[in-house]
Each structure stands twice: as C-alpha cells, then as structure tokens.
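Peer 1: Before I ask anything, here is the structure I am working with.
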Amino acid sequence: MRRPTWIAFDLNGTLLDLAGMFDRADLGELAVGALDDAVLQAMADTIAGEHRPFADYLRAAVQRALRVAGEDEDLLDGAMRRAATLPAFADAAAALEMLADAGYAIAVVTNSPTGGARRAVDAAGLGAHVAAVVGADEVGAYKPDPRVYANAAARLDASPERICLVAAHAWDVQGAMRAGWLGGWVALRERHLLSTAPEPTLRAATLGEMAEALAGL
C-alpha cells in the first residue's frame, strides 16, 4: 500500500459518539439508528437531485425514533443541541496525535456543514491536529456522491490517491475508494462487512488500531 499524504476522517459515528445526543445511556442506540436514517434520506435526496441542510434530516430522524420508542418528544430539542457538540470516542484524540506524529496531515470530510463540523471538532477537543474540515454543504450533495470527495480533494490540494478516508461506515469507505482514494474501515458498530462490499485498503477494530496501521506505513 502506498503511503498517503492526508488522512481524512468521517466525523459522526467515526470520531464523534452519537450516543452523546442523549443524557440517558439507554437511548444511545436510538441516536445511532437515527443517524443511519438521516443519512439514508440524505442519500435518497442527493440521487433525486434534492438538497436540504443535514440537520433537517437528523432532526426528523430523531423525532421519528423517539415516537417509535414511545419516548417523550420533549427530548428532541435537547438532543439536537447536543448533536452540535458530541463527545469524541475515547481513543480518537490519541489516534489523531499518533498520525500527526507520523507526519500525516489530518482532515475531516463530513456530511455535516463545514462551519458546524469545525465547531464540533473543536468542542470535542480534537481541533489541534485537524488541519482542514470539508463539509458536504460545499457542493450541495451528500456522501457517497462523487462530488463530495472531488471537492474535498481539491480543497486539500491533493490527488485522490494521496488521501485515505477513515470511516466507521462501509458505504463511505466504498464511496471514497470509487473516487480513487484509499479507504480505511473501522468496525466500531458494523463489525462485519457485507459480502457485497469492496474490500477496504485497511480494516481495523478501533481507531487506535487504524492509527497504528497507518503510522507503520
């Protein structure tokens, strides 16, 4: 495997823990499932030529999830406030530091808007090592649309083969690889790849293990 110049991380569900949307541990999976639903709707709209802010999709998904679970919808506003300042996974900061020490430039490429994503990165204590944040709002489409990865490569001033996307979502890794990037899949929640998914360039169980693998290149 060639050594890339940039390591670009997905944000929500990869660096940041969606369970932090609620102050109740038993609602953690509800939040993660809501993100999946929001992403699915965003993908569908992108294919159909529609676009709206990602927060709209997330709010609608969390609202439905609360209704299905029989939970009080008064939790919705608080969940959306917390969604803007999610906590990082426990090993995220150390993983970024390891990669920075290994000489990589680090970016975040996300379906969230650029400004909000930068604030979320900083609020989670990860900003020191993140040189660039690129949101999908810049092109009016959502990952895995090729325009998102093309715009990110242009913003990073790097050819696609010099960028490795690290994500906990196989569909995101697949999109990046189809765009000519390297792809690192972290099995945080999905645990196993679908047999129909392309093999990522690298795979690891945790962010820490992925950082070790990349640092060793």
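Okay, residues lined up against (1) buried (at least 21 other Cβ atoms within 10 Å of the Cβ); (2) of a type in the set (A, V, I, L, M); (3) touching a residue at least 60 places away in the same chain (Cβ under 8 Å); (4) more than 21 Å from residue 92 (Cα to Cα):
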| position | (1), (2), (3), (4) |
| --- | --- |
| 156 | no, yes, yes, yes |
| 162 | no, no, yes, yes |
| 167 | yes, yes, yes, no |
| 182 | yes, yes, yes, no |
| 186 | yes, yes, yes, no |
| 190 | no, no, no, no |
| 194 | no, yes, no, yes |
| 199 | no, no, no, yes |
| 202 | no, yes, yes, no |
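Yes/no matrix, rows are residues, columns are (1) surrounded by 14 or more Cβ atoms within 10 Å (Cβ to Cβ); (2) within 26 Å of residue 206 (Cβ to Cβ); (3) under 21 Å from the mean Cα position of the chain (by Cα):
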site	(1), (2), (3)
45	yes, no, yes
48	no, no, no
51	yes, no, yes
58	yes, yes, yes
62	yes, no, yes
78	no, no, no
89	yes, yes, yes
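Peer 1: Before we move on, is residue 173 at pLDDT 95 or above, β-branched (Val, Ile, Thr) and closer than 22 Å to residue 3 by Cα?
Peer 2: Taking the combined requirement at face value, the residue satisfies it.
Peer 1: Something else: Taking the criterion of being small (Gly, Ala, Ser) and out of contact with any strand residue (DSSP E or B) (no Cβ under 6 Å at 6 or more places or on another chain), would at least one residue in the stretch 104-111 satisfy it? Write out each step before concluding.
Peer 2: At the first step, the residues of the stretch 104-111 found to be small (Gly, Ala, Ser) are 105, 107.
So of that shortlist, the ones also out of contact with any strand residue (DSSP E or B) (no Cβ under 6 Å at 6 or more places or on another chain) come out as none.
Scanning the stretch 104-111, I find no residue that is small (Gly, Ala, Ser) and out of contact with any strand residue (DSSP E or B) (no Cβ under 6 Å at 6 or more places or on another chain), so the answer is no.
Peer 1: While we're here: I'd like the full set of residues that are in contact with a helix residue (DSSP H, G or I) (Cβ under 8 Å, 6 or more places away or on another chain) and assigned to a loop (DSSP other than H, G, I, E, B), limited to the stretch 190-205.
Peer 2: Matches in the stretch 190-205: 190, 193, 194, 197, 198, 200, 201.
Peer 1: Among the numbered criteria (1) within 26 Å of residue 162 (Cα to Cα); (2) among the hydroxyl-bearing types (Ser, Thr, Tyr); (3) in contact with a Lys or Arg (Cβ under 9 Å, 6 or more places away or on another chain), which one does residue 112 miss?
Peer 2: Among (1) within 26 Å of residue 162 (Cα to Cα); (2) among the hydroxyl-bearing types (Ser, Thr, Tyr); (3) in contact with a Lys or Arg (Cβ under 9 Å, 6 or more places away or on another chain), the lone unmet condition for residue 112 is (3).
Peer 1: Pick from the stretch 185-209 the residues that are over 18 Å from residue 15 (Cβ atoms) and hydroxyl-bearing (Ser, Thr, Tyr): which of them is nearest to the chain's Cα centre (by Cα)?
Peer 2: Checking each candidate, the answer is 201.
Peer 1: Which one of these does residue 18 not meet: (1) under 17 Å from the mean Cα position of the chain (by Cα); (2) modelled with pLDDT under 95?
Peer 2: Just one mismatch for residue 18, condition (2).
Peer 1: Same structure again: So residue 4 ticks every box in (1) farther than 26 Å from residue 134 by Cα; (2) in a loop (DSSP other than H, G, I, E, B); (3) not hydrophobic (A, V, I, L, M, F, W, C) but one. Which box is left unticked?
Peer 2: (1)
Peer 1: What pairs come up if the first residue lies in the stretch 135-148 and is more than 16 Å from residue 174 (Cα to Cα), the second is among the basic types (Lys, Arg) and not in a strand (DSSP E or B), and their beta carbons are under 6 Å apart, counting only those six or more places apart or on different chains?
Peer 2: That search, which allows pairs on different chains as well, returns 139/147; 141/147.
The values are calculated or read from the model by the stated rules, or taken from the named source; none is laboratory data. What you see is a predicted model, and the numbers here were worked out from it, not measured in a lab. Glycine gets a Cβ as well: all are built from the backbone with ideal geometry, and neighbour counts include every protein chain shown.
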